[in-house]
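Structure record follows, encoded as structure tokens.
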Amino acid sequence: MLTTKGVGTFANFGFLLEEGDDHLAALLHEDERIAYFSQTGPTEENIQAECAKHLINKHGWDGSALWQPK
């Protein structure tokens with residue numbers, strides 16, 4: 001199941017969370033799996049930090065979008 005739960009404003013950048021039956025959740029950006037989380041452990045802050053890290057490292061994002069960790 002694909003969801004924006006936990007992704008916050010990064011959904012506007014094409015991020016989704018894919019919740020699977022194997023107790024893992026995959027973070028996707030434009031259909032590419034970029035990180036995996038245990039479904040029992042990730043916080044919104046962890047998920048959004050991975051989104052930001054991916055945008056910085058892979059796409060040269062300068063952080064100019066509105067995003068503040070909780």
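The values are calculated or read from the model by the stated rules, or taken from the named source; none is laboratory data. None of the values given here were measured: they were computed from a predicted structure. Positions of Cβ are backbone-derived with ideal geometry, glycine not excepted, and every protein chain shown enters the neighbour counts.
The table below gives the values:
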quantity	calculated
Count of region 38-70 residues which are hydrophobic (A, V, I, L, M, F, W, C), farther than 11 Å from Phe13 by Cα and modelled with pLDDT of 85 or more	3
Listing of strands (runs of 3 or more DSSP E) fully contained in the chain that carry 1 or more residues being out of contact with any strand residue (DSSP E or B) (no Cβ under 6 Å at 6 or more places or on another chain)	32-38
Subset tally (residues that are within 19 Å of Gly63 (Cα to Cα) and β-branched (Val, Ile, Thr)) for region 1-47	4
